[in-house]
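Visitor: Sharing a structure with you now.
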Amino acid sequence: MTMTSWLESHRGETVIIKFGGNAMIDDELARAFCDDVVALGRAGIRAVITHGGGPQISSELIARGIRSEFRGGLRVTTSEAVHVVRDVLVRIGADLAAGLGAAGATASALAGDEHALFTAERAGTEVAGERVDLGQVGEITAVEPSAVLKVLDAGGIPVVSAIALGAGSELLNVNADAAAASLAVALDADWLILLTDIAGLYRDWPNRDSLVGEIDAAQLATLLPTLESGMIPKVAAALHAVQGGVGRAVIVDGRVPHVLLAEPFGASGTTITPAERVVS
């Protein structure tokens, strides 16, 4: 099957793509990504982009003289820092929407705290067995996708940033992979694609021969606690998506130009399916 016929066979499906890693900071990769997303749209696939902005946020905090503190590998987000986070995310979203526009699409940037898109509650973490307060960091508890659907139904590409509203309308910094998964579940998406800076999920990192090509949700739930800590949030997001009804989640190497169109989703990287399904 050619790539064109493969894309045509998935016409009308919805795919959520988490844009991140090197693709976010490398201009050539970003242009290739935008070209791929526009090609998906022309093939009749409904694409939604979500994004975070870790490196850019860190740079902006330094530029503004705001110290970053990490506990258990997670950024402590103060009331001062969270507004920087939102400013950076809004800028990234606008730039990405402009890139998609230059590639021939109509795209709209949506901040996750707008239109009640993402609602979250504060969430801490544990370090050495003790609960740690991370400040204005949250876990998504609800998604209102109407603004995203409005853009899709008009033939556009929504670009959604990972920021949420908490109690009392406070801003909460949320994990971008988790935001992508939550949105995929809310939209009953057919695909969730997570771009990262490695080739996929490894059973025994850094053993390059342990790359997992395909795994179902039940197997992944068993494997999850054994993974390297850096991969757990991304893999947990993929697992949440397929357990919540998303057809498939794919972890792919965003360092590869045109990875979205180089071959059918999941032919490279790692594909996670619900336990009862088999990848065709």
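The values are calculated or read from the model by the stated rules, or taken from the named source; none is laboratory data. Source: prediction; values computed, not measured. Don't worry about glycine lacking a Cβ; one is built from the backbone with ideal geometry, like all the others, and counts go over all protein chains shown.
Visitor: Against the conditions (1) out of contact with any Asp or Glu (no Cβ under 8 Å at 6 or more places or on another chain); (2) modelled with pLDDT of 90 or more; (3) surrounded by fewer than 20 Cβ atoms within 10 Å (Cβ to Cβ), where does Gly245 fall short? Just the number, please.
Guide: (1)
Visitor: Look through segment 39-54, keep the residues that are part of a loop (DSSP other than H, G, I, E, B) and touching a Gly at 6+ places or on another chain (Cβ under 7 Å), and return whichever of them is nearest to Gly101 (Cα to Cα).
Guide: By that ranking, first place goes to Gly44.
Visitor: Tell me which residues, restricted to segment 55-78, are small (Gly, Ala, Ser) and either touching a residue at least 60 places away in the same chain (Cβ under 8 Å) or crowded, with 19+ Cβ neighbours inside 10 Å (or both). Can you show your working first?
Guide: Taking segment 55-78 first, the residues small (Gly, Ala, Ser) are 58-59, 63, 65, 68, 72-73.
Hits for segment 55-78 are Gly72, Gly73.
Visitor: So which pairs qualify, if the first residue must be in segment 21-44 and closer than 20 Å to Leu7 by Cα, the second must be small (Gly, Ala, Ser) and at pLDDT below 95, the Cβ gap must be under 9 Å, and the two must be at least 6 apart or on different chains?
Guide: Correct list of pairs: Ala32/Ala23; Phe33/Ala23; Phe33/Gly254; Asp36/Ala262; Gly44/Gly12.
Visitor: Which residue is nearest to Val242 (Cα to Cα), if the candidates are limited to segment 205-218 and must be in contact (Cβ under 8 Å) with a residue 12 or more places away in the chain and of a type outside the set (Phe, Trp, Tyr)?
Guide: For segment 205-218, the residue satisfying everything is Ala217.
Visitor: Something else about it: What pairs can you find where one residue is in segment 146-157 and more than 16 Å from Ala189 (Cα to Cα), the other is outside any loop (DSSP other than H, G, I, E, B) and among the polar types (S, T, N, Q), and their Cβ atoms are less than 9 Å apart, with a gap of 6+ or different chains?
Guide: Ala154/Ser108; Gly156/Ser108
Visitor: Further question on the same structure: Tell me the residue from Glu8, Glu28, Glu13, Glu60 that is of a type outside the set (Val, Ile, Thr) and touching a Pro at 6+ places or on another chain (Cβ under 8 Å), please. Spell out the reasoning first.
Guide: Numbers: Glu8 fails: touching a Pro at 6+ places or on another chain (Cβ under 8 Å); Glu13 fails: touching a Pro at 6+ places or on another chain (Cβ under 8 Å); Glu60 fails: touching a Pro at 6+ places or on another chain (Cβ under 8 Å).
Exactly one of Glu8, Glu28, Glu13, Glu60 is of a type outside the set (Val, Ile, Thr) and touching a Pro at 6+ places or on another chain (Cβ under 8 Å), namely Glu28.
Visitor: Exactly one condition in (1) among the small types (Gly, Ala, Ser); (2) over 20 Å from the mean Cα position of the chain (by Cα); (3) modelled with pLDDT of 95 or more; (4) more than 30 Å from His258 (Cα to Cα) is not met by Gly124; state its number.
Guide: Gly124 satisfies every listed condition except (3).
Visitor: Taking Ala142, is it without any contact (Cβ under 8 Å) to a residue 40 or more places away in the chain and either in contact with a helix residue (DSSP H, G or I) (Cβ under 9 Å, 6 or more places away or on another chain) or on the phi > 0 side of the Ramachandran plot (or both)?
Guide: Spelling it out, Ala142 is indeed without any contact (Cβ under 8 Å) to a residue 40 or more places away in the chain and either in contact with a helix residue (DSSP H, G or I) (Cβ under 9 Å, 6 or more places away or on another chain) or on the phi > 0 side of the Ramachandran plot (or both).
Visitor: Of the residues that make up segment 184-198, is at least one in contact with a strand residue (DSSP E or B) (Cβ under 6 Å, 6 or more places away or on another chain) and more than 30 Å from Glu214 (Cβ to Cβ)?
Guide: no
Visitor: I would also like to ask the following. Give the residue, chosen from Asp87, Asp36, Asp95, that is farther than 30 Å from Ala199 by Cβ and either in a strand (DSSP E or B) or among the acidic types (Asp, Glu) (or both).
Guide: Residue meeting the stated conditions: Asp87.
Visitor: Hey, another quick one. Out of segment 1-32, which residues are part of a helix (DSSP H, G or I), under 14 Å from the mean Cα position of the chain (by Cα) and crowded, with 18+ Cβ neighbours inside 10 Å? Write out each step before concluding.
Guide: Here is the first cut: in segment 1-32, the ones part of a helix (DSSP H, G or I) are 3-9, 22-25, 27-32.
Narrowing further to those that are under 14 Å from the mean Cα position of the chain (by Cα): 22-24.
Passing the criteria: Ala23, Met24.
Visitor: To continue, here is another question. Suppose we keep only residues that are without any contact (Cβ under 8 Å) to a residue 40 or more places away in the chain and either in a strand (DSSP E or B) or among the hydrophobic types (A, V, I, L, M, F, W, C) (or both) within segment 116-139. Which one would you say is farthest from Ile163 (Cα to Cα)?
Guide: In this case the residue turns out to be Ala128.
Visitor: In segment 96-115, how many are without any contact (Cβ under 8 Å) to a residue 60 or more places away in the chain and either of a type in the set (S, T, N, Q) or in contact with a strand residue (DSSP E or B) (Cβ under 7 Å, 6 or more places away or on another chain) (or both)?
Guide: Qualifying residue count, segment 96-115: 8.
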